[in-house]
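Since the structure comes first, as structure tokens, the remarks are kept for the end.
The values are calculated or read from the model by the stated rules, or taken from the named source; none is laboratory data. Values in this document were obtained by computation on a predicted structure and should not be read as measured data. In this analysis, Cβ positions are derived from the backbone assuming ideal geometry, glycine residues included, and neighbour counts consider all displayed protein chains.
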Amino acid sequence: MISPKEDISLLEREPRFEDSFCSIQAVPKIPKIQHKETRILVSHARRFNDEVVRPLALKTDLHSFEDPEYLPWDLVKKANEWGFYTMFIPKLFGGQGWSLPSHTYVIEELSSACVGIANVIFVHYLGFMTCLASWNMPLVNRICRDVAEGERTGNPCLITLAITEPGAGTDVEEVELVDRGRVTCLAEKVKGGYIVNGSKIFISMGHVSTWHAVVAYSDLKKPSENTVILAVKTGTKGFSFGKHEDKMGQRACCASELVFEDCFIPDDCVLCDSRDFHNSPIRSTADLVNQLIHYVVEVTRASVGAFGTGVARGAYEHALKFAGETAVDGKLLINHEWAQIMLAEMYKNVIAARLAYVEANYSNSLNGGVLNFLQIKPVYYYMKFVPQTVIDLFVVPFYKTKIFNWFMRQVFVEGQSVEAQHRCSGWSSIAKFFGTDMGMKNSQMALEMMGQTGLRHDQGTEKILRDSKLLQIYEGTNQLNRLNLFNCLIARNVSQARVFEE
């Protein structure tokens, strides 16, 4: 008998073990208590669905049609009361510090009832992740403490990411494309800060947020090497809100235009300036900007995959309920073989989409992403059990030192290898486009099964279809995410392959 043994040369061939089995490698390293935390949080989300989301979802959607300028302040205040806006902010910054990978399970749960309302909550974490990726500890701490204070006082404080521009949508999420896009948001360096001119569009929850992580460019001719990320607070002179988009779906979550006219942002509100990367001995400035952007989307694209999974599940649950209550040819629809096959297919889509975003989380926890730092067992248990007052007294003072901020950025951004980045980013793209495609697929199948009944607004199924389409567009279109997957996990094995060259 030939005994099994490990041969590294064979494991490095496609499909690579490290690419395909992130969960097997990550599970032993993840704190066991995280399982219990996830159960608690999903239970919390289900209760929020029952008490808040389901009673309001259709009413809010209809209200937004009657009043296109509707802003979801009522939903924001409810989410704030339930602790959702500090739930996944680490105790390092005054938040509740729940297990960050658990956020995707909560997203799926909320999205199964209404993805628009789920986005009212979780687009806030897109802004937070962008701030965190800068590892500008004093400024991140300042912003997050405002969020915690807003929860304590009942005055919600949300964070947005402002990156999309009128002439550059998907382009701005890839360094290889941004120089070809028509970016116009200029951040001109002046004494003591930057003067910003330009606009951002389709910014989810912009009108109701307090802080905005604004991606601007100090040289519009070469934005890939001149990126500046600024923290702009609502009410800053020169900053205003433009139009409120009248969307087809996810109408509970407003999409805003942000306008900057000679808006001065002081140096202490600069999250990150790519000029800080110019002297890096390891990588080019463009590569490090790309690293920072992907440090964010490695998490957020998997989150959108969880949105899509929730939509797929909601559509399946609508179809299942309809099949169990509707008689066709003298017997319940659920007892017809063709209906059983359709429901089985829809159920499979939910399960497969969930596995994709879970594997993306494991990849991030293993390969130097944001989740990796927070999943190191000593760090995790320290944050879990040490009182907030102790952290504030003995850890927070270090935030003000330059060497501490330099260290955090070196370890958690520049310290992530290119291979690890590709693995995280590739899996996040898989989760994003697969999960959202399954959301769209199940929405269509639910309407097909329900026929004319599914088109009635009071049934909620047509709303699920309207909501699902947007998921295929934001956080990089699904076409871009397929190209990113090719670039990260396929092209490296084909010497002739070139990506983003057309």
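Quick notes on this one:
- Selected residue (criterion: surrounded by the most Cβ atoms within 10 Å (Cβ to Cβ)) from residues of the range 405-447 that are within 22 Å of Val289 (Cα to Cα) and of a type in the set (Ser, Thr, Tyr): Ser428
- The range 356-391, subset of a type in the set (A, V, I, L, M, F, W, C) and in contact with a Pro (Cβ under 7 Å, 6 or more places away or on another chain), residue surrounded by the fewest Cβ atoms within 10 Å (Cβ to Cβ): Met383
- Residue count for the range 198-228, restricted to those that are under 30 Å from Asn155 (Cβ atoms) and out of contact with any helix residue (DSSP H, G or I) (no Cβ under 6 Å at 6 or more places or on another chain): 15.
- Listed by position, the helices (runs of 4 or more DSSP H) contained in the range 45-140 that have at least 3 residues being at pLDDT 95 or above and among the aromatic types (Phe, Trp, Tyr) are 115-134.
- If you go through the range 354-394 and keep only what is at pLDDT below 90 and outside any helix (DSSP H, G or I), you end up with Asn367, Gly368, Gly369, Ile376.
- Evaluating Ala286 against the criteria (1) at pLDDT 95 or above; (2) of a type outside the set (Phe, Trp, Tyr); (3) farther than 24 Å from Val106 by Cβ leaves one unmet condition, (1).
- Enumeration of residues in the range 353-384 that are more than 22 Å from the chain's Cα centre (by Cα) and not hydroxyl-bearing (Ser, Thr, Tyr): Lys377, Pro378, Val379, Met383, Lys384
- Residue satisfying all of: in the range 155-168; assigned to a loop (DSSP other than H, G, I, E, B) and of a type in the set (S, T, N, Q); nearest to the chain's Cα centre (by Cα) among these: Thr164
- Within the option set Ala431, Ala446, being under 21 Å from Thr130 (Cα atoms) and not assigned by TED's automatic domain parsing to the domain that holds Cys144 holds for one residue only, Ala431.
Residue by residue, here is whether (1) farther than 30 Å from Lys400 by Cα; (2) without any contact (Cβ under 8 Å) to a residue 40 or more places away in the chain holds:
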{"residue": "Lys77", "(1), (2)": "yes, no"}
{"residue": "Gly95", "(1), (2)": "no, no"}
{"residue": "Ser99", "(1), (2)": "no, no"}
{"residue": "Ser112", "(1), (2)": "yes, no"}
{"residue": "Phe122", "(1), (2)": "no, no"}
{"residue": "Arg152", "(1), (2)": "no, yes"}
{"residue": "Lys189", "(1), (2)": "no, yes"}
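- Filter result for Asp262 (under 30 Å from Gly369 (Cα atoms), in contact (Cβ under 8 Å) with a residue 12 or more places away in the chain, of a type in the set (Asp, Glu) and assigned by TED's automatic domain parsing to the domain that holds Ala216): no
- Wholly within the range 401-502, helices (runs of 4 or more DSSP H) carrying at least 3 residues that are under 26 Å from the mean Cα position of the chain (by Cα) and of a type in the set (Phe, Trp, Tyr): 418-450
- Across the range 24-61, the number of residues qualifying as over 19 Å from Val358 (Cα atoms) and surrounded by 14 or more Cβ atoms within 10 Å (Cβ to Cβ) comes to 12.
- Test: residue in the range 169-186 that is under 26 Å from Cys254 (Cα atoms), assigned to a strand (DSSP E or B) and either small (Gly, Ala, Ser) or free of Cβ contacts under 8 Å to residues at least 12 places away in the same chain (or both): no
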